[in-house]
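Peer 1: Sharing a structure with you now.
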Amino acid sequence: MSVVAANLSRYKFRVGDSVDFFQLFSIKKEFLLDLNELKLKQKILLKKTHPDLFVNSTAVEKNVASEFATLVNKAFGVLKDPLTRGEHLCSILGLQFDMEKIKFTNINVLEKQFEIRSELDEIKKNPSSKKSSLVERFGKELETNINQMLLKIDKSFKGLDLKDNDSTNSLKEQLANLAFLIKVRYELGEVKRSEV
């Protein structure tokens with residue numbers, strides 16, 4: 001058995017298979033992660049496949065190492081972002097859904113989204129010199145909303161009952177609401193960039 005095969009054999013995957021990225025990084029399957037720990041785990045995994053280690057290796061070994069490095073980077077990209085991390089966790093748990101097709105059943109969530117959207121639209125239209133302070137205040141409120149949603153989603157994952165439709169539907173709605181808030185954050189960033 002080659003050094004590459006021995007080194008990478010403990011990772012039971014084939015490219016194209018569905019891979020549990022939490023298992024790949026040897027971290028707990030939790031929604032809230034320590035991103036510094038995640039980055040450290042990525043570095044450790046990538047060191048195992050650094051090209052300098054494979055100078056005298058066969059083409060097959062180099063290819064395996066390259067595919068593994070690609071997988072590690074893909075996994076890092078998924079896990080570092082809370083939305084894709086949530087979708088990945090759902091996938092591992094067998095919860096498949098289309099984020100775009102989620103129908104909100106909680107009227108309070110819909111009203112809050114309308115309020116946020118309206119406020120952002122007003123800021124976009126505002127030509128006054130106070131626009132930057134409005135953007136700053138709105139941005140802080142938005143970050144507070146996002147952080148509260150992250151905590152709520154984490155709590156939902158921890159208490160998730162896969163046999164209870166209310167539990168799974170609530171989690172799906174929370175993830176869709178997070179997607180909405182992240183989209184608003186992006187749009188607010190565009191407003192900030194247009195100010196410069």
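Peer 1: Treating the angle as unsigned and between 0 and 90°, give the value, to the nearest 10°, between the Cα long axis of helix 107-125 and the longest Cα principal axis of the chain.
Peer 2: Around 80 degrees separate the two axes.
Peer 1: How compact is the stretch 99-195 by the rule of thumb for globular proteins, expressed as Cα Rg over 2.2 N^0.38 Å?
Peer 2: 1.23
Peer 1: If R₀ is 41 angstrom, what is the calculated FRET efficiency for the pair H50 and E141, using the beta carbon separation as r and rounding to 0.05?
Peer 2: Efficiency at R0 = 41 Å is approximately 0.40.
Peer 1: Within the stretch 152-183, list the trypsin sites (Lys or Arg not before Pro) lying in a DSSP loop whose Cβ has at most 16 other Cβ atoms in a 10 Å radius.
Peer 2: Here the sparse-neighbourhood loop sites are K163.
Peer 1: If I model a spin label at A59 and T84 as a point 7 Å from the Cα along the Cα→Cβ vector, what separation in nanometres do I get?
Peer 2: 3.1 nm
Peer 1: Also: Dipole magnitude of the chain about its Cα centre, charges +1 at Lys/Arg Cβ and -1 at Asp/Glu Cβ only, in debye to the nearest 20?
Peer 2: 460 debye
Peer 1: If you don't mind, there's one more thing I want to ask. Going 7 Å from the Cα of S132 along its beta-carbon direction, which residues of the stretch 179-196 have the amide nitrogen within less than 11 Å of the resulting point?
Peer 2: 195-196
Peer 1: Of P82, P51, P127, which has the largest mean-square fluctuation in a 10 Å C-alpha GNM of the chain?
Peer 2: Of the options given, P127 has the highest mean-square fluctuation.
Peer 1: Still on this structure, I have one more. Just to confirm the number: angle between the C-alpha axis of helix 165-195 and the first principal axis of the chain, 0 to 90 degrees, nearest 10?
Peer 2: For 165-195 against the chain, the angle is about 80 degrees.
Peer 1: Shifting gears a bit: For a quick check of your reading of the filter: which trypsin sites (Lys or Arg not before Pro) in the stretch 44-125 sit in a DSSP loop and have no more than 10 other Cβ atoms within 10 Å?
Peer 2: Taking the stretch 44-125 and a limit of 10 other Cβ atoms within 10 Å, the loop trypsin sites (Lys or Arg not before Pro) found are K103.
Peer 1: So between K103 and Q148, what do we pick up on full extension, going 0.36 nm a residue minus the alpha carbon distance?
Peer 2: 14.1 nm
Peer 1: Another one. What's the angle, to the nearest 10 degrees (0 to 90), between helix 59-80's Cα axis and the longest principal axis of the chain?
Peer 2: Compared with the principal axis, the helix lies near 20 degrees.
Peer 1: In nm, give the distance between the simple-model label positions of L40 and R193, each being 7 Å from the Cα along the Cα-to-Cβ direction.
Peer 2: Result: 3.4 nm between the two label points.
Peer 1: State the answer as a single residue: which of C90, N108, F22 lies farthest towards the positive end of the charge dipole of the chain, with beta carbon charges of +1 for Lys and Arg and -1 for Asp and Glu, about the Cα centre.
Peer 2: My answer, from the dipole projection, is F22.
Peer 1: Using only the alpha-carbon atoms, what does the chain span along each of its principal axes? Please give whole angstrom values in decreasing order.
Peer 2: Dimensions of the chain along the principal axes of its Cα atoms: 67, 48, 25 Å.
Each value in this text was obtained by applying a stated rule to the coordinates, not by laboratory testing. Keep in mind it's a predicted model, so treat the numbers as computed, not measured. Reconstructed Cβ throughout: ideal geometry from the backbone, glycine too, with neighbour counts over all protein chains shown.
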